[in-house]
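Here is the structure we will look at, set down as structure tokens.
The values are calculated or read from the model by the stated rules, or taken from the named source; none is laboratory data. All values reported here derive from a predicted model rather than from experimental measurement. Here the Cβ is made from the backbone with ideal geometry for all residues, glycine too, and neighbour counts use every protein chain on show.
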Amino acid sequence: MAKKEKKFDRRGLLSFVAFGLVVMLLTYLIIAHTPLRRTIPGYPTPETQQAAIENYQKIDSLEKVINLWAFQVANIQRIATGREALPLDSMRLAKVEAEPDEEQQAAFAKSDSLLRAQVEQLDAERLATPAPARIEALEGIKFSRPLKGTVKESFNRTESHSYVEVTAPSGTQVHAVLDGRIVSAEWNELEGCTVKIQHDNDLVSLYHCAGKLLKSVGEQVKAGTAVATVGETGELSQAHVLVELRYKNQSIDPALYLEF
């Protein structure tokens, strides 16, 4: 009797499991292949699918525009630092291989030419404007020594030497002359590393041809903080650094305020 009950229990269990699987399969087929699937929370409707496609197209279009802007900004930076503009055929979009059409290329070329002319005109005006011997707004400011070295070339506006060239052993630290914020820290083949610091009183200090950068863009620095090191970079092989001061975007003689 006990054996029959066990056999009955096993058959009943197997029948229940089989019935459950059939119900689950039927439920899946009904939901997956009928309009009932739209009642599932989060299941995309035709409207949401179309909206997703349109959003993807918009994002793709925005990525193209952003990449084009990035290309233009890169050229602006190169022109502003005296380098040649990148050719249009060097532009490679991250996900889109399509090249700009002739109208876009012509627009880019015209924009680059106008920008180059504007930069050259501003430089010419800045060099043509006579610099005052000393600036009253900077009087009384205690500048920190940028580095200890030998002045090899002095400031000379008429010869476009808007800096003081200081030679020093390679590895010598270059310090910020005042408290300020790093607004540029970059490297290029012609000038090596360049650090640009924005100070109060419309004053900017620049340190060209450095060998190594010690600070990054956005960092706040105190006067005397090491921001770079001297290195054998740029067009000259001798270890040196070029120190430049600009007041209201006009180069001034660093030797009037700094000790080397």
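General remarks:
- Any hit, the stretch 203-226, residues being touching a helix residue (DSSP H, G or I) at 6+ places or on another chain (Cβ under 7 Å) and on the phi > 0 side of the Ramachandran plot: no
- Scanning the stretch 205-223 for residues that are in contact (Cβ under 8 Å) with a residue 24 or more places away in the chain and outside any loop (DSSP other than H, G, I, E, B) gives Ser205, Leu206, Tyr207, His208, Cys209, Ala210, Gly211, Leu213, Gln220, Val221.
Per-residue answers, yes or no, for (1) out of contact with any Cys (no Cβ under 9 Å at 6 or more places or on another chain); (2) modelled with pLDDT of 95 or more; (3) aliphatic (A, V, I, L, M):
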{"site": "Ala176", "(1), (2), (3)": "yes, yes, yes"}
{"site": "Ser184", "(1), (2), (3)": "yes, no, no"}
{"site": "Trp187", "(1), (2), (3)": "no, no, no"}
{"site": "Asp202", "(1), (2), (3)": "yes, no, no"}
{"site": "Gly224", "(1), (2), (3)": "yes, yes, no"}
{"site": "Thr233", "(1), (2), (3)": "no, no, no"}
{"site": "Leu242", "(1), (2), (3)": "no, no, yes"}
{"site": "Lys248", "(1), (2), (3)": "yes, no, no"}
{"site": "Tyr257", "(1), (2), (3)": "yes, no, no"}
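- Subset of the stretch 154-189 (residues that are aliphatic (A, V, I, L, M) and either buried (at least 19 other Cβ atoms within 10 Å of the Cβ) or not in a strand (DSSP E or B) (or both)): Val164, Val166, Ala168, Val174, Ala176, Val177, Leu178, Ile182, Ala185
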